[in-house]
Amino acid sequence: MMPCMILYICSPRHTTEMINNKMISSSSSTILTTHLLLILTTHLFTTSHSEKCNPDDKNALLQFKKQLGNPNQLSSWNPTTDCCNGTWQGVSCDTDTQTYRVNDLDLFSIDLPQPYPIPPSITNLPFLFYFSLSNIPNLVGTIPEFISNLTNLRYLYITQTNISGEIPTTLSQIKTLVTVDFSYNKLTGPLPATLSSLPNLVGITFDGNQLTGPIPEKIYFLLRH
């Protein structure tokens, strides 16, 4: 006996429903894919634009850290995080005007892996108004003249380091300076008379050094008061 073959013939209506169902399924899949891509794009956009830290400031800080030998105390300076979120040790940003430029760098008791000078990358923080390096024994070299490029600087503290040499006369170019503290380093030579020309200077300290020569009149007045 010959085997029988059963042939199912779909009605036109059934065929149309199958095609429509496939079209609906394909359309739903496309909508879902588009929706997921939109969510992902929005997330990436939000993440990239939620960081307040200026990228130039962040790069300058990371370069500064590298030029100091990447000390352990600055491990919080993580390139994947926002330098203005309050977790970067010693770093503060301008939240008053909401420009979020780095304006305060206060580093204390940093254990450098070997002797390093003050990094030149500090000049890439143009909005810095407070700069302090304190109790850092392996900080060596001289007070660099390039610090005078920080034209918004108001408070300058370099204390308890092994910085040596003379105080640069170019500091008088920072007309915004209010307070200068160079105490307990290894500075030598005279106190620059040009510091007397600083119009906003109200305080200067240089105890614990080996400075020589006369004290400029205005500086003498500040020391007495």
Obtain the nm distance between the two label points defined at residue 114 and residue 135 by a simple spin-label model: each point lies 7 Å from its Cα along the Cα-to-C-beta direction.
2.6 nm
Where does region 55-224 land on Rg/Rh, using Cα atoms and the Kirkwood Rh?
0.97
For residue 157, what charge total do you get from the other residues with a beta carbon under 15 Å from its beta carbon, if Lys and Arg give +1 and Asp and Glu give -1?
-3
Residue 94-residue 218 FRET efficiency (beta carbon distance; Förster radius 30 Å; 0.05 resolution):
0.45
Tally Lys and Arg at +1 and Asp and Glu at -1 over the other residues with C-beta under 9 Å from the C-beta of residue 82: what net charge comes out?
+1
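Rg(Cα) of region 108-164 divided by 2.2 N^0.38 Å? Spell out each step's value before the answer.
Details: Rg = 11.1 Å, N = 57, 2.2 N^0.38 = 10.2 Å.
Compared with the compact-globule rule of thumb, region 108-164 sits at 1.09.
Between residue 59 and residue 145, what is the FRET efficiency for a Förster distance of 22 Å, r being their Cβ-Cβ separation, to the nearest 0.05?
On the way: r = 23 Å, r/R0 = 1.04.
Between residue 59 and residue 145 the formula returns 0.45.
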Whole-Å distance linking the alpha carbon centroid of region 99-121 with that of region 148-194 is 16 Å
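Where a number appears in this text, it was derived from the coordinates with a stated rule and is not lab data. A quick note: this is a predicted structure, and the numbers were derived from the prediction, not measured. Counting neighbours? That spans all protein chains shown, and the Cβs are built from the backbone with ideal geometry, glycine included.
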